[in-house]
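Each value in this text was obtained by applying a stated rule to the coordinates, not by laboratory testing. Note that the structure is predicted; figures quoted are calculated from it, not measured. Here the Cβ positions follow ideal geometry from the backbone for every residue, glycine too, while neighbour counts run over all protein chains shown.
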Amino acid sequence: MKEHKPSRTAERNALARALESRRPEDIRVCYDPLAKYFMGTGFAFVFNHRLLLRVLWWISNRVRPGLGSFVIARSRYMDDYLQTCINNGLEQLVILGAGYDSRAYRFDELRKGIKVFEVDYPATQRVKLEKLEKLFGSTPNHVTYVSIDFDKEKLPEKLFENAYDRKLTTLFIWEGVIYYITAEAVDEILAFVANNSGTGSSIIFDYLPPSVLNRASELKGAKGVRKQVERSGEPLTFGIEEETIEEFLFKRGFCQVENVRSESFKGRYFKEIDQGKKMSGMFGVVHATVEPRE
């Protein structure tokens, strides 16, 4: 992350969600009608020029094939998991590295007694709060905004000083973040989740294999993704092998691990008209439940 600069990746992801959201209801993968309001001038310009979009989409799919498809499928999968948790009695939601996530404003149930925390880098959160005030007239009061630099500050201190309740059943959403922070920060966050959340709590996040970080990956688009995030000042720093993800989480206090490869999203969410679209094969998405404490 460039010092004092909001995340360009967060804006880019908002653009992908906004584009998908304006497609017909019967074929779109995800629906985020608020995403378009979180884009800066540059991305908003692209959003409103269809010819330019076609050119940029063609370039993107040559350099980073299927990345846009993954972003919208990841959003849908995490939306579905959040809804499942709400249906099962969720009491608290923590969105780590929230960026321009709009779930706190799209899910009506989150306004009705579920505590919501958005945790993010200060520069990105500041811009988001400005956009929320323009959109709603004021900052929504059902969300607690917690600013943090994950590599320099401690999550427990930040959350507890903002009235986080460790007794409540909590879902932690960690979307598009884990590969940008250090291994030490990842372990500290997972330890906090495992030791400071109520019965039935869980976490969901996406990840990349180490080979994408160390330039050994032969997966299409790996080089393009590295270059993109490096130019944005958000280099990749952490990876997990798919074969070790269950053991990785078991050792850190989690159970009921469900790991999904990104390629499977195509069959799960994409209609016949979109079956020709590329889907990045680099990512995995996993959710796991906190091991019950005796």
With charges only on Cβ, +1 for K and R and -1 for D and E, what is the dipole size of the chain about its Cα centre, in debye, rounded to 20? 1460
Distance between the C-alpha centers of segment 117-177 and segment 246-281? Whole Å please. 26
Explain nothing, just compute: Karplus ³J(HN,Hα) = 6.51 cos²θ - 1.76 cosθ + 1.60, θ = phi - 60°, for every residue of segment 91-106 in order, whole Hz, x for Gly and Pro. 10, 8, 10, 10, 9, 8, x, 4, x, 9, 4, 10, 4, 4, 10, 9
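Under 20 °C and 1.002 mPa s, how fast does segment 1-139 diffuse according to Stokes-Einstein, given a Kirkwood radius computed over C-alpha pairs? Answer in µm²/s, whole number.
Working: Rh = 16.1 Å.
D = 133 µm²/s.
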Choose one of ALA191, LEU15, ALA163: the residue whose Cα lies farthest towards the positive end of the charge dipole of the chain (beta-carbon charges +1 Lys, Arg; -1 Asp, Glu; about the Cα centre). LEU15
With each pseudo-label sitting 7 Å past Cα toward Cβ, what's the ARG54-ARG106 distance in nm, one decimal? 2.8
Using only alpha carbon positions, build the gyration tensor of the chain, then give the equivalent ellipsoid semi-axes as the square roots of 5 times its eigenvalues, largest first, whole angstrom. 28, 23, 19
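Using packing as a proxy for protection, rank 235-247, 185-197 so that the peptide with the highest average count of other Cβ atoms within 10 Å comes first. Spell out each step's value before the answer.
Details: 235-247: 14.8, 185-197: 19.2.
Highest to lowest by the protection proxy: 185-197, 235-247.
Which percent, to the nearest 5, of DSSP beta bridges fully inside the chain are antiparallel? Before the final figure, lay out each step's value.
Working: 12 of 30 bridges.
Counting only bridges with both partners in the chain, antiparallel ones make up about 40 percent.
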For segment 144-218, the Cα convex hull volume per residue in Å³ comes to 99
